[in-house]
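Asker: Sending over a structure as structure tokens; questions will come in a sec.
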Amino acid sequence: MIKSFTVQNFKSILNLTLDFSYSEGKAPNGYEEMETLPFLELVKNKKKPIRLVPCMALYGANAAGKSNIIYALYTLKTIIYNGIENLYTPNKLNYKYETTTFILEIYIKNILYKYELQYNNTAIINEILSVDNKKIYSINSGILEAKKIATKTYDTKKLKEIYQVECCNADKMQQKTFLHIIAKNYAGLNKFIYDFAAYINLNVQILGHPDFPVIAGLDMLEKYCGQDKQQAFNNIVNILRKFDFDITKMKFEEELIAENIRDGLNKQNINGELFVRDNKLYTNKIYSYHKDINNNEVEFDFRKEESLGTNILAGLLGPILATLHLGSVLCIDELERSIHPLVLREIIKMFKSKRYNKNNAQLIFTAHNTDILDDDILRVSEICFTSKNIEDGTVIRKASSFKGIRNVNNFRKKYLHGEFAAIPYPYI
């Protein structure tokens, strides 16, 4: 679970921290018997409990920087596995900082990991991994300190060689993260490094937009949750039908087109949507069925004949179900796109429900739809408002930080009246 994410000098952001702590003081009365989750509790310690929120909704005007927060997390994940090439995008209107910095705090099996990365257009400047406030390794301007992970086989001298050869270019500038190189090529060297890298890869999923193919969701459920394609498809259909669509049943067909991508792309008249897995080319077709006026089932091409909203929702259900199963983190930009507010509410409720969210999964999303602010589904610790100015860049405030705001308040009315300073002021 994410505890906090700090971003400095990235696109519209100058310096902000997204804090996932439950920030409402004591727990609600009788919360252990409640059907909904007011928070995710890692350690039930009466004196100092660790409580994080299951949902984080980011509201704000267009161009306020909501999406940049999601994209910053995506960029950090990309750098960890692919290096910094072409990924330096600082604030172009305020030159306060000369580098970009990301700091991510995550709990993995009740252990707090803190990963810090600072870079510019040419090199990674600092890279630090800490576990429960103790440094596992650190890199500062090309100087590696890794005594705590050194062994007889891989002593500090050998680790420095690995760093210089595998992380740096010919000019001795660090281009790739030490975290990924060690986790990938020397997996048995240090458990903390491997576990953190694996968690980021598997358990932090980021959708830049909600147009997620159904087949990709099936692959996630098959790969990460041990479900075969048909079982995964059935699970998605079962949830989809609960959202009050008049679909009686659905059918999924998959066909291997070619053992090699290049050979397959030369084929003509391929029926269905193409996708690649293990360098092989496949096509798949999804059919939905509705009752006609005479109560007969009629077949529909799901992608072509069902609505955009139905397709989007079906695509999202794969990542959602995988996230809930794994107890991982799912980030979605513009979650409400083409989705009815009541359906949006039910998606959020899945992460707030003790029945569905049994493994401490988290949902982070940006939205403009204010209908869910009328409900009591999101608490003051789970709603953030973003705004932007040239001096401070994108700034963010939790609803809980505003004086006099409680869970019984009507957030929507207050938000639209400008009390949270995170709305546009159009004038035509």
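The values are calculated or read from the model by the stated rules, or taken from the named source; none is laboratory data. Model, not experiment: these values are computed from the prediction. Neighbour counts run over all protein chains shown; Cβ positions are idealised from the backbone, glycine included.
Results for (1) modelled with pLDDT under 95; (2) under 27 Å from SER387 (Cβ atoms), shown as yes or no for each residue.
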site	(1), (2)
VAL53	no, yes
GLY60	yes, yes
GLY65	yes, yes
ILE69	no, yes
TYR74	no, yes
ILE80	no, no
ASN86	no, no
ASN91	no, yes
TYR95	yes, yes
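Asker: Quick one: what pairs do we get from the range 337-351, first residue free of Cβ contacts under 8 Å to residues at least 60 places away in the same chain, second aliphatic (A, V, I, L, M) and in a loop (DSSP other than H, G, I, E, B), C-beta under 7 Å, 6+ apart or different chains?
Answerer: LEU344/LEU335; ARG345/ILE377
Asker: Just need a number here: residues in the range 113-141 that are surrounded by fewer than 17 Cβ atoms within 10 Å (Cβ to Cβ), touching a Phe, Trp or Tyr at 6+ places or on another chain (Cβ under 9 Å) and small (Gly, Ala, Ser).
Answerer: Selection size over the range 113-141: 0.
Asker: While we're looking at this one, here's another question. Give all pairs with beta carbons closer than 6 Å in which a residue from the range 190-204 that is without any contact (Cβ under 8 Å) to a residue 40 or more places away in the chain meets a residue that is outside any helix (DSSP H, G or I); count only pairs at least 6 apart in sequence or on separate chains.
Answerer: TYR194/ALA187
Asker: For the range 234-340, which helices (runs of 4 or more DSSP H) that fit wholly inside it have 3 or more residues that are buried (at least 20 other Cβ atoms within 10 Å of the Cβ) and modelled with pLDDT of 85 or more?
Answerer: It comes to 308-326.
Asker: If a residue has to be of a type in the set (Asp, Glu) and within 32 Å of the chain's Cα centre (by Cα) to count, how many in the range 144-186 make the cut?
Answerer: Number of matching residues: 2.
Asker: Now for a separate question. Select from the range 1-33 the residues that are assigned to a loop (DSSP other than H, G, I, E, B), surrounded by 13 or more Cβ atoms within 10 Å (Cβ to Cβ) and either over 20 Å from the mean Cα position of the chain (by Cα) or without any contact (Cβ under 8 Å) to a residue 60 or more places away in the chain (or both) and list them in ascending order.
Answerer: Once the filter is applied, which keeps residues that are assigned to a loop (DSSP other than H, G, I, E, B), surrounded by 13 or more Cβ atoms within 10 Å (Cβ to Cβ) and either over 20 Å from the mean Cα position of the chain (by Cα) or without any contact (Cβ under 8 Å) to a residue 60 or more places away in the chain (or both), the range 1-33 yields SER23, GLU24, ALA27, PRO28.
Asker: Continuing with the same structure: Just checking, does the range 86-105 include any residue being more than 24 Å from ILE364 (Cα to Cα), among the polar types (S, T, N, Q), loosely packed, with under 15 Cβ neighbours inside 10 Å and in contact with a Leu (Cβ under 8 Å, 6 or more places away or on another chain)? Let's see the steps before the verdict.
Answerer: Step one: list which residues in the range 86-105 are more than 24 Å from ILE364 (Cα to Cα), which gives 86, 92-99.
Narrowing further to those that are among the polar types (S, T, N, Q): 86, 94, 99.
After this cut, where a residue has to be loosely packed, with under 15 Cβ neighbours inside 10 Å as well, the list is 86.
Filter once more, keeping what is in contact with a Leu (Cβ under 8 Å, 6 or more places away or on another chain): none.
Scanning the range 86-105 turns up no residue that is more than 24 Å from ILE364 (Cα to Cα), among the polar types (S, T, N, Q), loosely packed, with under 15 Cβ neighbours inside 10 Å and in contact with a Leu (Cβ under 8 Å, 6 or more places away or on another chain).
Asker: To continue, here is another question. Being part of a loop (DSSP other than H, G, I, E, B) and more than 15 Å from LEU363 (Cα to Cα) is the filter here, so list the residues in the range 45-72 that pass it.
Answerer: Going through the range 45-72, the residues part of a loop (DSSP other than H, G, I, E, B) turn out to be 45-49, 53-54, 61-65.
If the condition is that a residue be part of a loop (DSSP other than H, G, I, E, B) and more than 15 Å from LEU363 (Cα to Cα), then ASN45, LYS46, LYS47, LYS48, PRO49, ALA61, ASN62, ALA63, ALA64, GLY65 are the ones that fit.
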